Amino acid sequence: MKGIIVYDSVHGNTKQVAEAIGEQIRSEGHQVELKALKEGSVGAVLGDFMFIGSPTRAGRMTKEAKEFVESLDVGYWKDRPMVVFDTIGPLSKDKEKRDKNLKMAEGYSKNAASKLQELCRERGLKCSNTMHFAVTGMWGPLAPDALDMAKEHTRRFLATLK
């Protein structure tokens with residue numbers, strides 16, 4: 001199977017998460033293609049499943065992430081599984097407090113992943129999973145457990161495809 005990871009990153013945190021997701025996909029024997037929205041046109045987006053990521057900026061996804069989802073070929077992607085993810089911060093350096101904040105983000109609509117999921121669903125796309133990853137400072141770094149969490153979430157998602 002082939003996974004596509006499309007992401008926008010402002011300070012490099014979302015890029016790191018995208019790369020960790022890609023590592024996990026490869027480690028499980030799948031092909032993966034990473035596409036950075038900041039590098040301009042991403043070209044053809046063809047695969048079996050997709051991850052779309054954006055940092056949370058003022059409670060929303062980036063303009064580039066929004067435009068990407070709005071331009072997706074719904075005919076091609078409507079029945080293929082999609083996962084959206086974001087980076088959120090600054091969150092506490094204390095793991096317990098940070099985990100509580102991430103749990104709250106799951107039910108809260110003012111973050112990039114929730115906005116991406118809403119936009120995907122409005123377009124008729126199959127987007128059932130959201131993932132949130134903590135940034136502990138205003139511009140970084142990622143929380144120490146963020147990349148391991150990205151790999152674990154990805155592993156669980158891939159298990160559902162088998």
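Readers should treat all values here as calculations from the given coordinates under stated rules, not as data from a laboratory. The structure presented is a predicted model; accordingly, all values stated were derived computationally and were not measured. Backbone-built Cβ (ideal geometry, glycine too); neighbour counts: all protein chains shown.
Starting from region 69-162, pick out the GluC sites (Glu not before Pro) whose DSSP state is loop and whose Cβ has at most 11 other Cβ atoms within 10 Å. Intermediate results must be reported in sequence, preceding the final value.
Working: sites: E70, E96, E106, E118, E122, E152; in loops: none.
Nothing satisfies the criteria.
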- [ ] Could you work out the local net charge near I25, counting Lys and Arg as +1, Asp and Glu as -1, over the other residues with Cβ closer than 14 Å to its Cβ?
- [x] +1
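Find the relative contact order for the chain and round it to a whole percent, using C-alpha pairs within less than 8 Å whose residues are 6+ positions apart. Present the calculation step by step, with values, prior to reporting the outcome.
Numbers: 310 pairs, mean separation 42.4, N = 162.
Relative contact order here is 26 percent.
Can you pull the Kirkwood radius for region 2-161, inverse mean 1/r over Cα pairs, to one decimal in Å? Walk me through the numbers on the way to the answer.
Working: mean 1/r = 0.0650 Å⁻¹.
Hydrodynamic radius (Kirkwood, Cα pairs) of region 2-161 is 15.4 Å.
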Open item on the list: Roughly how far apart, in whole Å, are the Cα centres of region 97-162 and region 27-54?
Closed with: 17
Task: For region 48-64, 3J(HN,Hα) per residue [Karplus equation, 6.51 cos²θ - 1.76 cosθ + 1.60, θ = phi - 60°, Hz, x = Gly/Pro] - done: 9, 7, 9, 10, 10, x, 8, x, 7, 10, 6, x, 9, 7, 6, 4, 5
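Take every DSSP beta bridge with both residues inside the chain and express the antiparallel ones as a percent of the total, to the nearest 5.
Working: 2 of 26 bridges.
The antiparallel fraction comes to roughly 10 percent.
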Open item on the list: Can you compute the modelled spin-label distance between D79 and D99, with each label point 7 Å from Cα toward Cβ, in nm?
Closed with: 4.0
Open item on the list: List the residues, sorted by chain then number, that are 5 or more residues from T87 or on another chain and whose placed amide H is less than 5 Å from its amide H.
Closed with: S54, T56, F133
